[in-house]
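Down below is the structure, laid out as structure tokens.
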Amino acid sequence: MYQLTGKRILLGVTGGIAAYKAAILLRQLRQHGAEVRVVMTHNACEFITPLTMQALSGKLVHTKLLDLETESAMSHIELARWPDLVLIAPSSANFIARYSNGFAEDLLSTLCLATSSPVMLAPAMNQQMWQNPVTQENLKKLRTRGIIIIGPAKGDQACGENGLGRMLEPEEVLTLAAKSFETNILSGSRLLITAGPTREAIDPVRYISNHSSGRMGYAVAMAGIEAGAEVSLISGPVNLSAPSRAKLINVISTAEMHFAVMQEVSSTDIFISTAAVADYSLQNIAYKKIKKSSDTYELSLKKNPDILAEVAALDSPPFTVGFAAETENLELNAQAKLRSKRLDMIAANQVGQGLGFDSEMNALTVFWGTGKKQMQKASKTRLARILITLIADRYNEKNINKTH
Ligand code: PMT
């Protein structure tokens, strides 16, 4: 089964007869749950129309670097930050030459330079062009830089020749694109993740809560699954579908989340506390709806258990990762939480300005021991994948040190 639900794929199409395969690929990517934006080079538009790709993607197709209309909808830098994967299929010999030499003369090559997301190329060209040492040198350069090259296949070519150079079939590209998300860096590990908000009842119809959508936690859960871990996801009330391979435990209040975490934690290797847990709950919940009477109304609150701190304080705690949502002094506050809660790692996000709570994008600064890693603004899916890699590195390092 393909794990592409919610993945953002920027499909680049360059000029070549195989461009027609990009339309089939686009359809299949979408059928498997990916969100796709298409960028076409000038030459690609000679083989297949942007209108076809627009109809299939349901999104404006990007063709020009300097285009007022598309730039105002999404600037090329925003577009470079947007994807979880840049997939260029077909990728012509000309594009490979320009990309390997760092050209930025059109939208697609500029995006390739500006993105920090993984890039995958499915070459398609005449077999002589493929064999040409210049093309092979260009490909070698790209591979060295971490660009994934898939194919080409051998067979009859549109030009009448036979040999290596055919673009892989859309189904094969789809499989390899989906596989590229599977890292297996945490295979055999058990992850416990909390996500979303908690709600504290005031009376039967009202509650205190926050703006957490659960997106960050669900993205971490998905990244954990792709890393090969067994994932339990304890979720507050959100409007998201949990990854099918996760064990989902739904909760509403902090007390319920606390109970669920404590039930699960003994069989956990890594605990990631992404949830925005309410710090306080009502001293006394009214059992009937509170009537509007006086001009002011005071609620008496009591402190909730700090679930994360409690897990980190267990006799043999899992590798414990907290999140910190801050509106000011990000580094200072996050470092203070890392130390006071005795965590292995903390991922801090500055909230506001379209980041953090209830947004598609985020930016994280991760702290551990004396280490620090800054992750620029990107989709929560992309950040979750980088975070999971960082967690796997530190977790494995800690385990190695334990056994020596
Ligand atoms: O859900 P989204 O819309 O995608 O938004 C993501 C997010 C902004 C909620 C997420 O990235 C995030 O920052 N989550 C933590 C929010 C938070 O409550 O931070 P905090 O600084 O108040 O808490 C610090 C840590 O202690 C957190 O890991 C929290 O889960 C944990 N905690 C807090 C209070 C409490 N009673 N128990 C806890 O376990």
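Numbers for the structure displayed
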{"item": "Residue within the range 277-286 that is surrounded by 18 or more Cβ atoms within 10 Å (Cβ to Cβ), part of a helix (DSSP H, G or I), in the same structural domain as residue 390 (by TED's automatic domain parsing) and of a type outside the set (Val, Ile, Thr) present", "result": "no"}
{"item": "Among the candidates 56, 87, 79, 66, residue that is part of a loop (DSSP other than H, G, I, E, B) and not hydroxyl-bearing (Ser, Thr, Tyr)", "result": "66"}
{"item": "Matching residues in the range 354-392 - criterion: being under 14 Å from the mean Cα position of the chain (by Cα), within 11 Å of the ligand (Cβ to nearest atom) and open to solvent by 60 Å² or more (accessible area, probe 1.4 Å)", "result": "360"}
{"item": "Scope the range 319-337; condition part of a helix (DSSP H, G or I) and within 7 Å of the ligand (Cβ to nearest atom); matching residues", "result": "337"}
{"item": "Tally of residues being assigned to a helix (DSSP H, G or I) and either surrounded by fewer than 17 Cβ atoms within 10 Å (Cβ to Cβ) or without any contact (Cβ under 8 Å) to a residue 40 or more places away in the chain (or both) across the range 119-167", "result": "13"}
{"item": "Index of the failed condition, residue 300 passing every other in (1) over 30 Å from residue 191 (Cβ atoms); (2) away from the ligand (no atom under 16 Å from the Cβ); (3) open to solvent by 70 Å² or more (accessible area, probe 1.4 Å)", "result": "(3)"}
{"item": "Leading residue by the ranking (least open to solvent (accessible area, probe 1.4 Å)) among those in the range 79-112 that are free of Cβ contacts under 8 Å to residues at least 24 places away in the same chain and of a type in the set (A, V, I, L, M, F, W, C)", "result": "104"}
{"item": "Meets criteria (touching a Gly at 6+ places or on another chain (Cβ under 9 Å) and not in a strand (DSSP E or B)) for residue 113", "result": "yes"}
{"item": "Listing of strands (runs of 3 or more DSSP E) fully contained in the range 168-270 that carry 2 or more residues being within 11 Å of the ligand (Cβ to nearest atom) and surrounded by 22 or more Cβ atoms within 10 Å (Cβ to Cβ)", "result": "190-195, 230-235"}
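The values are calculated or read from the model by the stated rules, or taken from the named source; none is laboratory data. These numbers come from a predicted model, not from an experiment. Note: ideal-geometry Cβ built from the backbone for every residue, glycine included; neighbour counts use all protein chains shown. Remember, those area values only see protein heavy atoms, side chains included, never the ligands or the DNA or RNA. Shrake-Rupley method; radii C 1.70, N 1.55, O 1.52, S 1.80 Å.
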